[in-house]
Structure formats: structure tokens, C-alpha cells
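Heads up, the thing below is written out as C-alpha cells.
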Amino acid sequence: MAASRSLTRFWEWGRKIICVGRNYADHAKELKNAVPTEPVLFLKPPSAYVKEGSPILVPAYSSNLHHEVELGVVIGKGGTAIPRQSAMDHVAGYALCLDMTARDTQDECKSKGLPWTLAKAFDTSCPVSEFVPKEKIPDPGNVRIWLKVNDQLRQDGSTSQMIFSIPYLISYISEIITLEEGDLILTGTPKGVSSVQEHDELQAGIEDIVSMTFRVDRH
Ligand SMILES: O=C(O)/C=C/C(=O)CC(=O)C(=O)O
Ligand SMILES: [Mg+2]
């Protein structure tokens with residue numbers, strides 16, 4: 001008989017990680033990108049997950065690894081073409097996530113018209129906090145997310161700044177990609193992204209609801 005799985009360990013389910021890019025105008029502008037009129041989507045594989053206690057590894061081919069703090073939405077009930085009005089019924093909870101990005105590699109991919117896989121999908125590119133049950137964040141469209149590097153505040157934004165709301169994103173994504181229980185949606189990052197180096201300590205939180213700490217190491 002298969003062992004029962006709990007969504008409180010969603011990272012062990014081997015499900016999709018769907019990421020939304022340029023969802024905060026201040027971040028789109030800091031990277032000199034146009035503010036999008038439709039969500040920008042990309043994927044990370046489940047092998048990108050890393051939990052506290054293990055390091056974030058700088059890919060051997062990058063010398064400019066960036067942090068991006070993001071609110072993650074954990075899907076509790078799957079669906080296709082989910083209407084916006086019922087989208088929140090599909091949410092089991094949340095997690096604080098980092099969309100670690102090899103920015104130099106991403107710039108190269110962009111200039112060559114190549115996909116962002118090398119920049120965004122490498123092992124340890126998705127550090128995640130513990131699971132936060134839905135009830136603990138009654139208004140996910142208005143919470144503060146923050147990130148410090150070596151105790152210095154680098155990112156401090158509110159999910160109220162998102163261009164596309166969580167219900168809109170769930171509905172939009174599920175028109176294209178069927179959502180399954182255990183999937184994670186990364187909802188984009190506010191401004192303040194910057195480089196991290198080997199031995200740096202990253203601390204991040206959703207208000208005082210959850211926090212996490214990671215060290216950076218080299219392959
Ligand atoms: O277009 C770029 O130069 C960079 C975009 C991103 O990395 C998008 C995100 O991952 C984000 O906004 O969170
Ligand atoms: Mg991102």
C-alpha cells in the first residue's frame with residue numbers, strides 16, 4: 001500500500017514549480033524590462049527544491065547569482081481552466097520561496113533568444129520555507145515579504161504590488177497547464193534583487209508568519 005503523503009511536505013511530491021516573472025512593476029523596471037500585459041511564465045523542476053539545513057549552490061557557470069524573494073502558492077486541489085471566482089478554493093497554503101537566478105546566464109540567454117532553463121532551473125534554485133496553512137494568511141494579496149543578506153535588508157515588498165493577483169494567475173496558468181495537488185506557483189519578486197556570494201547568509205520572511213535562513217556555497 002502506498003504511504004500517504006502530506007502537503008505539509010509538498011516539495012517531496014515531485015510536482016511542477018510554475019514561476020511568474022515580471023509581476024511587480026518596480027522589479028521589471030529595475031531590470032529595464034517593460035511592465036507585462038500578460039503573465040510571463042517559466043518552470044523549475046522538482047530537483048530545484050532545497051530546504052533549510054542544506055546550502056544554495058552557485059552553478060559552476062555563473063558569477064552573478066541573484067536572490068528573488070517570492071510568495072509561493074501551494075495547490076491543494078488540481079484543475080484545468082479554473083475560473084477566477086473559485087481559484088482560491090484550489091489553494092492549500094503558502095510557502096516563502098527564493099527564485100535563485102544566474103543573472104549573467106539569463107542575460108546571455110536573453111541576448112541569444114534562448115530559454116532561461118540554465119539561469120533558473122538548476123539544482124537548489126528553489127529554496128523553500130516550511131508549509132504555511134492557508135488560514136495563517138487570510139489576505140495573501142497584501143502581505144509583506146522581505147529578504148536580508150548578511151543581516152542587510154535587500155528586498156522589502158508587499159504582495160499588494162503584484163500586477164496579476166493570485167486568483168488571476170491560478171486561472172490563467174490552469175488554462176495552459178493543468179494544475180495538480182502539490183504544485184507550487186512562485187508569484188514573482190519585488191525590487192531589490194542583487195548578487196550573493198559563497199558564504200553569504202540569506203534570511204527571508206513573510207511578515208512574522210514564517211522565516212528561513214540559507215547559506216550560499218559553491219559546487
Ligand atoms: O527579464 C528579466 O531580465 C528577468 C526576469 C526575471 O527574472 C523574472 C522573475 O523571475 C521575477 O520577476 O520574479
Ligand atoms: Mg522570479
Highest GNM mean-square fluctuation, the chain, Cα pairs closer than 10 Å: which of I163, I206, I56? I163
Can you list the lysines whose alpha carbon is less than 29 Å from that of K29, not counting same-chain residues fewer than 8 positions off? K16, K44, K110, K112, K120, K148, K191
Lys and Arg at +1, Asp and Glu at -1: add these up for the other residues within a Cβ distance under 12 Å of F214 and post the number. -1
Sites R218 and E135, calculated FRET efficiency, Cβ-Cβ separation with R0 41 Å, nearest 0.05: 0.55
Report the FRET efficiency, 1/(1 + (r/R0)^6), for D104 and K77, where r is their Cβ-Cβ distance and R0 is 35 Å, rounded to 0.05. 0.35
Tell me, how many Å apart are the Cα centres for region 83-107 and for region 1-55? 4 Å
Positive end of the dipole of region 35-156, charges at C-beta (+1 Lys, Arg; -1 Asp, Glu), about the Cα centre: which of L147, V58, G72 has its Cα farthest in that direction? G72
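Nearest 500 deg cm²/dmol is fine: what mean residue ellipticity at 222 nm does the chain get from its DSSP H runs of n ≥ 4 alone, each adding -39,500 (n - 2.57), divided by its residue count?
The helix contribution divided over the chain gives -3500 deg cm²/dmol.
How long is the gain from L43 to Q85 if the chain were fully straight, where each residue apart is worth 0.36 nm and the alpha carbon distance is subtracted?
Working: separation 42, 0.36 × 42 = 15.12 nm, distance 2.50 nm.
Difference between extended and current length: 12.6 nm.
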Once label points are set 7 Å from the Cα along Cα→Cβ at both T8 and Q203, what is their separation, rounded to one decimal in nm? 2.6 nm
Point-charge dipole on Cβ atoms (K/R +1, D/E -1) for region 1-155, about Cα centre, debye to 20: 260 debye
Mean-square fluctuation maximum in Gaussian network of the chain, Cα pairs under 10 Å, restricted to G72, G141, G157, hits G141
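Bear in mind that the values in this text are calculations on the coordinates, not laboratory data. Since this is a predicted model, take the numbers as computed values, not measurements. We place every Cβ from the backbone using ideal geometry, glycine too, and count neighbours over all the protein chains shown.
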